[in-house]
Structures are given as C-alpha cells and as structure tokens.
1. Kindly provide the trypsin sites (Lys or Arg not before Pro) of segment A:9-117 that DSSP labels as loop, not H, G, I, E or B, and whose Cβ sees at most 15 other Cβ atoms within 10 Å.
2. Taking all protein chains in place and a 1.4 Å probe, what share, in percent, of the accessible surface of chain A do carbon and sulfur account for?
3. Write down the percent of antiparallel bridges among all DSSP beta bridges whose residues are both part of chain A, to the nearest 5.
4. For chain B, state the average projected area of the convex hull of the C-alpha atoms over all orientations, rounded to one decimal in nm².
5. Peptide B:44-50: average number of partner chain Cβ atoms within 10 Å per residue?
6. Explain nothing, just the number: dipole magnitude of the protein assembly as shown about its Cα centre with +1 on each Lys and Arg Cβ and -1 on each Asp and Glu Cβ, in debye rounded to the nearest 20.
7. What part of the accessible area of chain B, given as a whole %, is carbon or sulfur when the probe is 1.4 angstrom?
8. In segment B:5-56, which trypsin sites (Lys or Arg not before Pro) fall in coil by DSSP and have 16 or fewer other Cβ atoms within 10 Å?
Amino acid sequence: DTEVTQTPKHLVMGMTNKKSLKCEQHMGHRAMYWYKQKAKKPPELMFVYSYEKLSINESVPSRFSPECPNSSLLNLHLHALQPEDSALYLCASSPEYSGGPSYNEQFFGPGTRLTVL
Amino acid sequence: AQTVTQSQPEMSVQEAETVTLSCTYDTSESDYYLFWYKQPPSRQMILVIRQEAYKQQNATENRFSVNFQKAAKSFSLKISDSQLGDAAMYFCAYRRDDKIIFGKGTRLHILP
C-alpha cells in the first residue's frame, strides 16, 4: 500500500458543528502532516507529527485540533470554524522526520474539500 | 527567513515541445533539499523530482530535469517532449529540517 487516504472527500459544515477529518497511511512512515490549501495558492503547513508526537504547530487557531492515535492515523478535529476556513485540507506523510537534514519525500493524500457555511 | 519564488504564474507550451519553469529561493543554509511537485486538476500532489543541495549533479527523472545553480539559488525545472498529462500546477519547494516552504506555483498549460 503506497498511498495516503483521506476521508471524507467533501465536507460541508455549519459554524457550530463539530466534525473530523481522517488521514491514513500504511507505508510505515513516521511523520505526518496537515496542510491547508486555498484555491490557486500553495499548501500552508499547519501541523507536523513525528513519531506520534506533535512537533510543529504553525500557530493554528485552536478551533483546529490535531490528533495522532497511532503511527498510521492522523485526525483533524474541527469545531466552531469560520467561513474563511473553507479550503482543501491535505494530509501528507514521509518516511522519517529526524530533525536533521533530510530529503524525505512527502506523499500527499487527495485532500478533503471543506466548506464552512 | 527562507523564501521560494516562482516568477511565472502561468505558462503554455506546445505538445512535444520543451518548457522550463523557474524557481529561486533564499536561504543562509548550506544543507537543504529542493523539490518540484505537480498538482493536476484532480488536486493530488505528487513529487516530480528532488535535488539534494550537496550534490552538484543535476537530478533527472525521465523527461524531467533540473538546472540547479546553488550559488545563484536557482532551481529550474525542464520538461522535455511535453505531454497533455503534464498540464498541472507546479510547485517548487524547499526543505531544511522542519522547514517546508512552497513557492506560489506555476500553472502549466499544454497546447495540442
């Protein structure tokens, strides 16, 4: 299995809803990432998990809450989002995140298209 | 702070021709990695090619090759024999440890 899967593909939610995005990989990768991508823009890094521990939070608002229950699974819990949070949310994984120089390739999932009404 | 600049928001190339996408970056580090990613209209991002900064030899992957000029901090992507399936947004990316920075992207159109 050489892919990153994301569910759901599309999500529409109101500002008072609570929802979760899910990401899975079975490649034995030890680092997993959440990105936010607005239309015609590059991905913006949100969170990095290394060996199931949160290693980077790029000053993301607390209405986004990541969770890494195990090395294969990454969730993003959403609560009280704003319309400006509507975007494509990409998950990625890479073999190792050592903190040292590394060219580890990131494998991206297809993304979840989120619309906040 | 590191930055990645792609100065061509859009480009077009005739099918079977060659096209070069430009990328420049700014860093004070000597060890880092550079990537070109492709994001077709279906939106799944895939790696096209990578380059380690400590390697002088330019990376090549089939029809894709790079011109890496470390001193000039330039990392251009050349696509030979362009095919319709090459139509996509191309992002240049820089990675050093936990820093992953993408350029704004170049939209490549392939003209039949």
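1. Passing both the DSSP loop test and the Cβ count: A:K9, A:K38, A:K40, A:R63.
2. Answer for chain A: carbon and sulfur cover 50 percent of the accessible area.
3. Of those bridges, close to 90 percent are antiparallel.
4. 6.6
5. Taking all residues of B:44-50 together, the mean is 4.
6. Its charge dipole is roughly 500 debye.
7. Answer for chain B: carbon and sulfur cover 45 percent of the accessible area.
8. Sparse-neighbourhood loop trypsin sites (Lys or Arg not before Pro): B:R43, B:K55.
The values are calculated or read from the model by the stated rules, or taken from the named source; none is laboratory data. Bear in mind that the values here come from a model prediction, so they are computed numbers and not experimental data. Positions of Cβ are backbone-derived with ideal geometry, glycine not excepted, and every protein chain shown enters the neighbour counts. The area values use the complete protein model at the heavy-atom level, side chains included, leaving out ligands, DNA and RNA. Shrake-Rupley method; radii C 1.70, N 1.55, O 1.52, S 1.80 Å.
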